[in-house]
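The values are calculated or read from the model by the stated rules, or taken from the named source; none is laboratory data. Because the structure is a prediction, the values reported are computed rather than measured. Cβ: placed from backbone, ideal geometry, glycine included. Neighbour counts: every protein chain shown.
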Amino acid sequence: MVTPIAVRYETDRDHAIWLIPIGGLWGLVLDVHHVAPVFERELYAIHNSPWADLFAFHYTLDRQAVRTFSLERIFVSIVLFIGAVAIFWGTRRLRPGAYQIRTGLDRVIGAGVTTVIAASYATVAMGVAVSVQEGFRSVSTIVGNDSTLVGGIVVGAIGIGLGLLCGLGLEGIPGDKRRTRPSVTALGGGAFGVMVWLGGVGIGVPLRDRFLSEGNLSIPFIHWGGLVALVVYGATFGVAYGIVRGVFQLGEPRQPLKEL
């Protein structure tokens, strides 16, 4: 999220660049139990709980199935870091006019790029929410499986699909100023998450089970964990959408950060 904020609000890159290594340290903070002089057992217990995924998927990356790919993990980490830095500095060279909407096609491109970026952040956030609840296996049952890996793939696919729908919904908000205010789009995204939960989880899941003769869930089916995950998805999508969408505006000065 560092690059979209820096582009939207013209943040000083020399200072904002520090957020990238700070993010890396955030992912390693749970390893402090190795050197902590006190509360070592308590810190280790947190380190080995699903809540550790709040720290850059620390719990998931420490799973044995993932740890076996140590070289691959290092390679991916280096690629992601280099990519993040390259994008961060590369956007600094783009002309302000490159972000302006002049035609209908420009609007489609702007909304499309915004949707892809917002869906990426939101899917990661939803993945964290599902992982904290140890819900990947439950999600995988949607496709008749019982695998954490398959559950993660399903969450990713759901995130992409929901992103297309949520992007269309937020783009329909009347008024450019409302459409580019993260506070407004976050509320819209959160409401979208609630509606998906009511329709997809509350009604869709029990109907699917009845169709496949796999159960007799009541309608509506109440699953609070699903509500949390979908609201997290929608709110994250909304915040990212409002920030990035504000870059693609014509004839309007970029809004100061205080308007968040």
Considering THR141, THR114, THR148, which residue is under 30 Å from ILE173 (Cα atoms) and of a type in the set (Val, Ile, Thr)?
-> THR114
What number of residues in the range 221-260 are at pLDDT 75 or above, part of a helix (DSSP H, G or I) and either among the aliphatic types (A, V, I, L, M) or under 24 Å from PRO174 (Cβ atoms) (or both)?
-> 19
Count of residues meeting criterion [outside any loop (DSSP other than H, G, I, E, B) and farther than 25 Å from GLY226 by Cβ] in the range 158-182 = 5
Does the range 35-45 contain at least one residue that is part of a helix (DSSP H, G or I) and closer than 22 Å to ILE5 by Cα?
-> no
Given the conditions (1) out of contact with any Ser or Thr (no Cβ under 6 Å at 6 or more places or on another chain); (2) under 28 Å from GLY112 (Cα atoms); (3) in a helix (DSSP H, G or I); (4) at pLDDT below 90, which single one is not true for ILE203?
-> (2)
Is there a residue in the range 70-77 that is exposed (fewer than 15 other Cβ atoms within 10 Å of the Cβ), in contact with a His (Cβ under 9 Å, 6 or more places away or on another chain), at pLDDT 80 or above and within 25 Å of GLY135 (Cβ to Cβ)?
-> no
For the range 212-220, does any single residue satisfy the condition of being surrounded by 13 or more Cβ atoms within 10 Å (Cβ to Cβ) and at pLDDT 90 or above?
-> no
Take LEU105 and decide whether it is of a type in the set (A, V, I, L, M, F, W, C), at pLDDT 80 or above, loosely packed, with under 10 Cβ neighbours inside 10 Å and in the same structural domain as GLU10 (by TED's automatic domain parsing).
-> no
When restricted to ALA122, ALA129, ALA111, the only residue surrounded by 15 or more Cβ atoms within 10 Å (Cβ to Cβ) and more than 30 Å from GLY225 (Cβ to Cβ) is ALA111
With GLY27, GLY90 as the choices, which residue is closer than 27 Å to GLN133 by Cα and among the small types (Gly, Ala, Ser)?
-> GLY27
